[in-house]
Amino acid sequence: MTTRSPNDSLLIDFTVQKFDELVAVVASLTDEQANYVVLVPGSNSAIQLLSHCCGMMRRWSSTVNLGVPVPRDRAAEFTVQMPVAQGLELAAATRAAFLEDLALTDLTAPPVALPAERAEPWFDTCGGIILHVFEELCQHLGHLEITVDLARANS
């Protein structure tokens, strides 16, 4: 277990909170609503956004920060269809694994396997990587909320 500064603990808490909010939105949907895709090119269903966030979280927390590869098919995340219950199982497993990754991570250390094309200054530390995960979850939560409004209106 890594010792955490108050700011590190806050970052982790906020990141998990945003993920939990995303999961709660998906849990409130019927299977039909969760798999509804707005008829706009490039749109995604709630399930697809959840699947993508699960893949994204583990890529950054394990593959990048720890150098422990987590198999991922990013393209499939945006085409997947599944019942809400299955999505919630995926989310629970991802949340647990993400927290396990963080327990092994020194947030002040550099990431072990940073992709060469990612040169943002905040990627200098594992904590910066988790800040990126937080940013992505916030972005996708907003996207999800719009998608859900449209799915409910069309069901």
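The values are calculated or read from the model by the stated rules, or taken from the named source; none is laboratory data. On a predicted model such as this, the values are computed, not experimentally measured, just so you know. Positions of Cβ are backbone-derived with ideal geometry, glycine not excepted, and every protein chain shown enters the neighbour counts. For accessibility, only protein heavy atoms count, side chains too; no ligands or nucleic acids. Shrake-Rupley method; radii C 1.70, N 1.55, O 1.52, S 1.80 Å.
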> If you place +1 on the Cβ of every Lys and Arg and -1 on the Cβ of every Asp and Glu, how big does the dipole about the Cα centre of the chain come out, in debye to the nearest 20?
Replying inline: 180 debye
>> Let me understand the chain better: what is its radius of gyration from the alpha carbons, and its Dmax, in angstrom?
In response: 15.8, 48
>> Checking the a/c ratio against 1.5 first, then a/b against b/c, what shape does the Cα gyration tensor give for segment 58-100?
In response: oblate
> Rounded to the nearest whole Å², what accessible area per residue is found for segment 100-155 with the 1.4 Å probe?
Replying inline: 53 Å²
>> I'd like the accessible area for residue 146, computed on protein heavy atoms only with a 1.4 Å probe and all protein chains in place. Round to 10 Å², please.
In response: 110 Å²
> Label point 7 Å out from residue 118 along Cα-to-Cβ: which residues of segment 45-84 have amide N under 16 Å?
Replying inline: 52-75
>> Are there DSSP H segments in the chain that both extend 30 Å or more along their axis (alpha-carbon positions) and score a mean Kyte-Doolittle hydropathy of at least -0.5? List them, or say none.
In response: 6-27, 126-153
> What is the extension gain from residue 38 to residue 9, computed as 0.36 nm multiplied by their sequence separation minus the C-alpha to C-alpha distance, in nm to one decimal?
Replying inline: 6.8 nm
>> Taking the solvent-accessible surface of protein heavy atoms with a 1.4 Å probe, what is the per residue accessible area of segment 1-55 in Å²?
In response: 48 Å²
> Over the heavy atoms of residue 125, what accessible area does a 1.4 Å probe trace out, to the nearest 10 Å²?
Replying inline: 50 Å²
> Is segment 91-153 best put as rounded, prolate or oblate by its Cα gyration tensor, with a ≥ b ≥ c the root eigenvalues, rounded for a/c under 1.5, and otherwise prolate when a/b is larger than b/c, oblate when not?
Replying inline: oblate
> So what does residue 72 come to for accessible area, using a 1.4 Å probe and Å² rounded to 10?
Replying inline: 80 Å²
> Of the accessible area of segment 44-155, with the probe set at 1.4 angstrom, what percent is carbon plus sulfur?
Replying inline: 59 percent
> Once fully extended, how much extra length lies between residue 108 and residue 85, figured as 0.36 nm per residue of separation less the alpha-carbon to alpha-carbon distance?
Replying inline: 4.6 nm
>> Heavy atoms only, 1.4 Å probe, whole protein assembly: order 141, 99 by accessible area, highest first.
In response: 99, 141
